[in-house]
1. Going by the conditions given, is residue 104 in contact with a Phe, Trp or Tyr (Cβ under 8 Å, 6 or more places away or on another chain), at pLDDT 95 or above and surrounded by 19 or more Cβ atoms within 10 Å (Cβ to Cβ)?
2. Only one of 192, 196, 205, 245 is closer than 19 Å to residue 38 by Cβ and either modelled with pLDDT of 95 or more or in contact with a helix residue (DSSP H, G or I) (Cβ under 9 Å, 6 or more places away or on another chain) (or both). Can you tell me which?
3. Restricted to segment 226-254, and to residues that are more than 21 Å from residue 271 (Cβ to Cβ) and not acidic (Asp, Glu), which residue is surrounded by the fewest Cβ atoms within 10 Å (Cβ to Cβ)?
4. If you go through segment 169-185, how many residues are assigned to a helix (DSSP H, G or I) and basic (Lys, Arg)?
5. Against the condition crowded, with 23+ Cβ neighbours inside 10 Å and under 19 Å from residue 87 (Cα atoms), how does residue 257 come out, does it pass?
6. Could you figure out which of (1) more than 25 Å from residue 183 (Cβ to Cβ); (2) surrounded by 16 or more Cβ atoms within 10 Å (Cβ to Cβ); (3) in contact (Cβ under 8 Å) with a residue 60 or more places away in the chain; (4) in contact with a His (Cβ under 9 Å, 6 or more places away or on another chain) isn't true of residue 118?
7. I'd like to check which strands (runs of 3 or more DSSP E) are fully inside segment 1-119 and have at least 1 residues that are more than 18 Å from the chain's Cα centre (by Cα).
Amino acid sequence: MRSPIDTVQTSRAPVMLCVGAVTLDRYGQNLVPGGCVTYAAMTWKELGGEARVLTTCGEDFPAGRLGLGSGIHVVRKDRTTVFANEYDSTGRRTQFVEAQPGMLRPKDLPGEWEEPDVLFLGPVLGECDVAEWCDETGFITAVGLQGLMRRAREDAEAAKVEPKALDTESGWWRRVHYAFLSKEDQQAQPGLALELAGKVPTVVLTDRQNGCEVFDRTARFRVGVYPVECVDPTGAGDTFAAGFLWARLNGMDSCEAARFGAACASVVVEGLATEALAGMKQLVWDRYERVR
């Protein structure tokens, strides 16, 4: 296995490979691009890196809007996965899903793609087998856990998304370098982040406006936020994860990386969906210094 991400620095643009389904998210009568890998890849690209995306969707997904050119490879299916998000007054989300994604496997990767600096597995509904990716690639691996911790009925046209427990005894946990989840994600498994900290070198537990808690080897600490008016919280965790990994790849320690991730998340929530990400780099650096 390669060395942990904090030892990898490069003079070229760092490459992140994002694997997961892109989605179309309902905003009223409109459908806009979404999904973990959409937010992570767009953030990575805006920060100056090279993002590649292995995804699954239908012809109805506007892949050109991601601005990745040949950096996106699509495993076609009949329809793109569609999510409808409903938020209550506290920001708690209820989701409904249409057209669930198919599996994405290492064999689906284009042969001409070189090894990335970091692999980000960002499933929306269990479409990545983490053990398979760890076994067959050996890449430095980060996992967004949200999509592994939910399920929906496959026989329903619009199914409510329900929580699903993670198997914390699986051997693949020790082959993952970074794990990201939210406090909302672990409601069905209280204490999950702390349990995973004994298996994964770095675990980050985000908690909306309350900041995040980082479990990093033997250290445990909290980092706050850059306060903004939240227009749409969708994608905040994925944007945070991309910013955190970017910072680690560029030599920051975990505390600095959490502040940088928080600065990234503060930008995306100021607009609907991904609209606030364009041109975010300087704003992120300005805010990073003021996150505590």
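1. No: the conditions fail for residue 104.
2. Values: 192 fails: closer than 19 Å to residue 38 by Cβ; 196 fails: closer than 19 Å to residue 38 by Cβ; 205 fails: closer than 19 Å to residue 38 by Cβ.
Exactly one of 192, 196, 205, 245 is closer than 19 Å to residue 38 by Cβ and either modelled with pLDDT of 95 or more or in contact with a helix residue (DSSP H, G or I) (Cβ under 9 Å, 6 or more places away or on another chain) (or both), namely 245.
3. 251
4. Qualifying residue count, segment 169-185: 2.
5. No.
6. (1)
7. Numbers: elements: 15-19, 23-27, 30-34, 50-57, 72-76, 81-87, 93-98.
Passing ranges, in order: 23-27, 30-34, 72-76, 81-87, 93-98.
So that you can scan it fast, the table gives a plain yes or no per residue for (1) at pLDDT 95 or above; (2) within 20 Å of residue 115 (Cα to Cα); (3) surrounded by 15 or more Cβ atoms within 10 Å (Cβ to Cβ):
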| position | (1), (2), (3) |
| --- | --- |
| 25 | no, no, yes |
| 30 | no, no, no |
| 42 | yes, yes, yes |
| 60 | no, no, no |
| 81 | no, no, yes |
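The values are calculated or read from the model by the stated rules, or taken from the named source; none is laboratory data. Note that the structure is a prediction, hence the values are computed from the model and not measured. In this analysis, Cβ positions are derived from the backbone assuming ideal geometry, glycine residues included, and neighbour counts consider all displayed protein chains.
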